[in-house]
Amino acid sequence: MEEHVTEQPAPPPAQGEVEHPSLALANTAIALPGGRTLDLLGTPAQTNHWLTQRGLAPVDAGMREMCAAQLRSLREQIRSLFAARADGVPALPAAVTAINDAMTRVPTAPLLRWDDKTGPCRT
């Protein structure tokens, strides 16, 4: 059974999303009026569509729920880091570890380090 993406009107990209895919990923869960939410990664097809729009996956990637769930989990860890930075508090070590675990799956990706003064940086 093939899943199709239902086009939902998504807000325009926030400033910096084009240059920073992590910001775009963090913004894939959107709070709407009336307590509703919009999850641009809610299904495997939506996840594949979002990745494809950014040139991060081929159209025919065949996204599975397990992979979509892993990306949603990564999104929450990234949101945690952004919130820590905005609040001026140290990041949760588990969030940094989760992001580094994801990044080690791409051998050329530099790891993340958290500096209490300057926030996240690559090493």
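Please tell me the relative contact order of the range 63-123 in percent, rounded to the nearest whole number, where contacts are Cα pairs under 8 Å and at least six residues apart. Let's see the in-between values first.
Details: 51 pairs, mean separation 14.5, N = 61.
Normalised by residue count, the contact order of the range 63-123 is 24 percent.
Give the residue from 31, 82, 67 lying farthest towards the positive end of the charge dipole for the range 1-119; charges sit on Cβ (+1 for Lys and Arg, -1 for Asp and Glu) and the dipole is referred to the Cα centre.
Value: 82.
Accessible area per residue, 1.4 Å probe, Å², for the chain: what's the number? Could the numbers behind the result be given before it?
On the way: 8310 Å² over 123 residues.
I get 68 Å² per residue for the chain.
Per-residue ellipticity at 222 nm for the chain, helices alone: DSSP H runs ≥ 4 residues times -39500 (n - 2.57), over residue total, nearest 500 deg cm²/dmol?
Working: 4 runs with 50 residues, N = 123.
That calculation yields -13000 deg cm²/dmol at 222 nm.
Quick one: pull the percent of accessible area on the chain belonging to carbon and sulfur, 1.4 Å probe, ligands and nucleic acids left out.
Numbers: 4840 of 8310 Å².
Within the chain, the accessible surface is 58 percent carbon and sulfur.
Using a 1.4 Å probe and counting only protein heavy atoms, arrange 121, 67 so the residue with the most accessible area comes first. Walk me through the numbers before you get to the answer.
Values: 121 35, 67 55 Å².
Ranking 121, 67 by accessible area, largest first, yields 67, 121.
Using a Gaussian network model of the chain whose springs link C-alpha atoms within less than 10 Å, name the residue from 27, 48, 100 with the highest mean-square fluctuation.
Result for the chain, Cα springs under 10 Å: 100 fluctuates most.
Could you give each residue of the range 85-93 its phi-based ³J(HN,Hα) in whole Hz, using Karplus coefficients 6.51, -1.76, 1.60 with θ = phi - 60°, and x for Gly or Pro?
Values, residue by residue: 5, 5, 7, x, 10, x, 6, 5, x Hz.
Within the range 56-107, report the trypsin sites (Lys or Arg not before Pro) that DSSP leaves as loop and that have at most 16 other Cβ atoms within 10 Å. The partial results should precede the final answer.
Working: sites: 64, 72, 75, 79, 85, 105; in loops: 64, 105.
Counting only loop positions with at most 16 other Cβ atoms within 10 Å, the trypsin sites (Lys or Arg not before Pro) in the range 56-107 are 64, 105.
Among 108-119, 35-46, how do they line up by average Cβ neighbours within 10 Å per residue, starting with the highest?
Numbers: 108-119: 12.0, 35-46: 15.1.
Those peptides, ordered most packed to least, come out 35-46, 108-119.
The values are calculated or read from the model by the stated rules, or taken from the named source; none is laboratory data. Everything quoted here is computed from the prediction, not taken from an experiment. Positions of Cβ are backbone-derived with ideal geometry, glycine not excepted, and every protein chain shown enters the neighbour counts. Each accessible area value is taken on the protein alone, full model and side chains, heavy atoms only, with ligands, DNA and RNA left out. Shrake-Rupley method; radii C 1.70, N 1.55, O 1.52, S 1.80 Å.
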